[in-house]
Every structure is written in C-alpha cells, then in structure tokens.
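Undergrad: This is the structure, below, for whatever I ask next.
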Amino acid sequence: MWVAIDPESKLVPCWYLGDRGASAGLAFVHDLRDRLTNRVQLTSDGHRVYLEAVETAFGSDVDYAMLVKIYGEPREKEATYRPAE
C-alpha cells in the first residue's frame, strides 16, 4: 500500500494499493500530483522507484528529498557525537 500523509494535519490526500514496482509508483505519484494545487515539500523513503516517479510527475515544481534510515549498531570506524567535557 502506497500512502501520502500530511505530517501537520494527518490528512491522507491519496493512497494506492499495488506492488512496489515502477508502474505502481508512477500511478501513485501522478495521483498525488493531481490532488495538490500548490508547490509541495515531498519526502519519501529510500525506495528508488520514487526518483523517476517524482521527476516524471512534478518535474522541477517540487521540493523533494529521500529520508533513508539505517538501523543497527554504529561501526567502530565511524565517529560518534560526544558532548564537550
């Protein structure tokens, strides 16, 4: 299930029931575009189908970002934040 949610009002402007393929992604994002009247800020998960779908549907008339969450323990080589002593 593909769902668009407004984080402030919790309004669901559109949803789409389909697989995670490119054709379903295109259908969902085009439906979302048709329901919006103003330029929007759009954030998606890291599913690569969104890259082409958002570009095709909105062109440059959108502020778009992908939010990719990485779960697990930090690697030893990565620096971690520590407050100053």
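Undergrad: Using only the Cα atoms of segment 5-45, build the gyration tensor, take square roots of its eigenvalues as a ≥ b ≥ c, and label the shape rounded, prolate or oblate: rounded if a/c is under 1.5, else prolate if a/b is larger than b/c, else oblate. Mind dumping the intermediate values first?
TA: On the way: a/c = 1.91, a/b = 1.60, b/c = 1.20.
The shape class here is prolate.
Undergrad: Then there is this: Rg/Rh for the chain: what does it come to with C-alpha atoms and Rh from Kirkwood?
TA: On the way: Rg = 16.6 Å, Rh = 14.9 Å.
Rg/Rh for the chain comes to 1.12.
Undergrad: Taking the highest mean first, how do the peptides 64-71, 15-22 order by number of other beta carbon atoms within 10 angstrom per residue?
TA: Highest to lowest by the protection proxy: 15-22, 64-71.
Any read-out appearing in this document is the output of simple, stated calculations on the displayed coordinates, not a laboratory observation. Note that the structure is a prediction, hence the values are computed from the model and not measured. Cβ: placed from backbone, ideal geometry, glycine included. Neighbour counts: every protein chain shown.
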